[in-house]
Each structure stands twice: as structure tokens, then as C-alpha cells.
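The values are calculated or read from the model by the stated rules, or taken from the named source; none is laboratory data. What you see is a predicted model; the values in this text were computed from it and never measured. Cβ placement follows ideal geometry from the backbone for every residue including glycine, while neighbour counts extend to all protein chains displayed.
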Amino acid sequence: MNQLKRILGMIWIGLAVASAYFCIFIFGLPKFLSGKQEDLVFGIIILFILTPLIVLGLGTFGYYSLMGEYDSVKEK
């Protein structure tokens, strides 16, 4: 089970990288650079609020999972 948690940690880090790419280059920058007021506000929210929250959350969870912080420990 602990090995599965470490593999899932790598998947979470991969999801963090993928979500960073999509949030910045697919969702954020095109809206930010469109020039329309409503798109500018949405682009700012995506780039400066949602992207750091999503990427840091997934990345931190994946890092701790890789380092074994969530491993099961049986007490004797």
C-alpha cells in the first residue's frame, strides 16, 4: 500500500505540472491578452489566484506522498 501511495505521489506531481501548463497557457494568458474587460478579470483570477492554489496544493501533496509522510506505521 505504501508503494502505491508513492506512485500516486508521482502522479500528483505530474498533475501539478499539467495543471500549471493548462492554467497558464490555455486558460489564463489568452484571456489576459484578449483586451476585453470581462476576459481581463477572468485572466487575472486564473493566473494569480487559482493557478498558484491548484499547483501548490497538488505539488505539496505529491511531494509529501513521495517522501513517505502518508505511510502506514504499525505500532507495537
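Tabulated data
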read-out: Some residue of the stretch 33-43 being outside any helix (DSSP H, G or I), of a type outside the set (A, V, I, L, M, F, W, C) and surrounded by 13 or more Cβ atoms within 10 Å (Cβ to Cβ); value: yes
read-out: Candidates Pro52, Pro30, filtered to the one that is within 20 Å of the chain's Cα centre (by Cα), in a helix (DSSP H, G or I) and modelled with pLDDT of 95 or more; value: Pro52
read-out: Count of residues meeting criterion [under 24 Å from Ile11 (Cα atoms) and free of Cβ contacts under 8 Å to residues at least 12 places away in the same chain] in the stretch 23-47; value: 2
read-out: Residue list for the stretch 13-22, restricted to those being among the hydroxyl-bearing types (Ser, Thr, Tyr) and touching a residue at least 12 places away in the same chain (Cβ under 8 Å); value: Ser19
read-out: Which numbered condition Gly59 misses (of (1) over 9 Å from the mean Cα position of the chain (by Cα); (2) crowded, with 17+ Cβ neighbours inside 10 Å); value: (1)
